[in-house]
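One structure is given here, and the rest of the page talks about it.
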Amino acid sequence: MTASETVRPWLRLRSVPGIGNLTFRRLIQRFGEPMAVFDAVTDELLAVEGITPRLVSAIRQHARADEFSDREMDKAHRMDCHIVTQADHRYPALLLQIPDPPPYLYVFGNSAAFPVSVAMVGSRHATSYGLTTTRRLSSDLAHQKITVVSGLARGIDTAAHEGALQGGGNTVAVLGSGLANIYPRENAGLCHRIAAQGAVVSEFPLDADPEPHHFPQRNRIISGMSLGTVVVEATLRSGSLITARMALEQNREIFAVPGSVNSYKSMGTHALIKEGAKLVTHVGDILEELPPMARRQTEPPDANPSRPKGVTTLSGDEKIVFDALSPYPTHVDDLTRQVNIDAGRVAGILLTLELQGLVNQDPGKFFRRTDETPSASSKMVTSR
């Protein structure tokens, strides 16, 4: 069976009037795949929760109705997009865990960008502080090989995608419109940049307009395909808080970046923190909450990925301190206890390593091995 023949029944079943994502999922759980739904007898269909005689009749009428699916598949081919169904191994695994996952996604770009993702959302009318913080966090996540997911909206969403691209990583934009109708239009160029390193996705038909009711639907995908959601700036009535509530319902982590106590644009994020969201000041606050399996997936494949190769020698206490660090931030107090070296001596060693370009210091006295390989003059080896 060709790829198009595999996808066509999914499009056909989803186009049946009255069958939404939840009913679609119940049918697939009962019958396994769409063609089996069309082949099922009436009594079998009526046994599925939510299926009425009227729906059975509609399913019968759509059993061979391929006008919609042919049109969508032809246009997707011309746009160089592909359609990923729930039966496809490229479908985001985390998204399958929510109650009403879309039966399929239209994808422009690379579906391989999906595995380890964190969402970044916030105000469309962001402050310079919010935009700068978003770009920094997204870039740092990209450095850790974590995909940044957002909604392509103006403000924080745009900064999240740009930060991930600047960090050389993957980012996924989830649209509230069809892929042939990019919204907002000024981000059309950004869409192509995203697709080159990640993916632009939508559950809506290719020509769908950016209808207001599409965006809450879009938000559940942003949170649903992510291990956690970071809210950077949000008012008390922000749509970003809807995304955070969806993440909570999906049993995902919720993070919030604090802002000025005088800024109404941070009132929503402060409310989230009061309700138990993890306060975020740097990427380490996010990384330490990710599941162990996800954190292992962010590690580069070589044994000592961040250790520069070369001729500078580390020995004695310097080697002990360096070996105790990892790409993930460690507080200086925890490091001192771990290595059992005098605190003043540890501080001096960290300063030396930082000056050599081997260690980075994050806000709050957190230290980690640098992601950048030093120049030849500062390369090193460790003596045993």
Of the residues A142, A126, only one is out of contact with any Leu (no Cβ under 7 Å at 6 or more places or on another chain), under 17 Å from L241 (Cβ atoms) and of a type in the set (A, V, I, L, M, F, W, C); which?
A126
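Results for (1) in a loop (DSSP other than H, G, I, E, B); (2) open to solvent by 60 Å² or more (accessible area, probe 1.4 Å); (3) of a type in the set (S, T, N, Q), shown as yes or no for each residue.
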site: D80; (1), (2), (3): yes, yes, no
site: L95; (1), (2), (3): no, no, no
site: P101; (1), (2), (3): yes, no, no
site: V107; (1), (2), (3): no, no, no
site: A126; (1), (2), (3): yes, no, no
site: L131; (1), (2), (3): no, no, no
Residues of the range 244-258 satisfying the condition of being assigned to a loop (DSSP other than H, G, I, E, B) and either in contact with a Gly (Cβ under 7 Å, 6 or more places away or on another chain) or surrounded by fewer than 18 Cβ atoms within 10 Å (Cβ to Cβ) (or both)
Q250, N251, R252, P258
Do you know which residues across the range 15-27 are part of a helix (DSSP H, G or I) and either in contact with an Asp or Glu (Cβ under 9 Å, 6 or more places away or on another chain) or at pLDDT below 95 (or both)?
N21, L22, T23, F24, R25, R26
Could you please let me know if V230 is buried (at least 22 other Cβ atoms within 10 Å of the Cβ) and either at pLDDT below 95 or outside any helix (DSSP H, G or I) (or both)?
yes
Please indicate, with yes or no, whether at least one residue in the range 181-194 is of a type in the set (K, R) and under 20 Å from the mean Cα position of the chain (by Cα).
yes
Is it true that some residue in the range 20-28 is open to solvent by 60 Å² or more (accessible area, probe 1.4 Å) and in contact with a Gly (Cβ under 7 Å, 6 or more places away or on another chain)?
yes
When you scan the range 109-124, how many residues do you find that are crowded, with 21+ Cβ neighbours inside 10 Å and part of a loop (DSSP other than H, G, I, E, B)?
4
Regarding A160, is this residue out of contact with any helix residue (DSSP H, G or I) (no Cβ under 6 Å at 6 or more places or on another chain), touching a residue at least 40 places away in the same chain (Cβ under 8 Å) and under 29 Å from H282 (Cα atoms)?
no
List the residue pairs whose Cβ atoms are under 7 Å apart, where the first residue sits in the range 67-87 and is closer than 20 Å to A188 by Cα and in contact (Cβ under 8 Å) with a residue 60 or more places away in the chain, the second is open to solvent by 70 Å² or more (accessible area, probe 1.4 Å) and assigned to a loop (DSSP other than H, G, I, E, B), and the two are 6 or more positions apart or on different chains.
none
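The values are calculated or read from the model by the stated rules, or taken from the named source; none is laboratory data. As the structure is a computational prediction, the values presented were derived from the model and not from experiment. Reconstructed Cβ throughout: ideal geometry from the backbone, glycine too, with neighbour counts over all protein chains shown. Note: accessible area is taken over every heavy atom of the protein model, side chains too, but ligands, DNA and RNA are not part of it. Shrake-Rupley method; radii C 1.70, N 1.55, O 1.52, S 1.80 Å.
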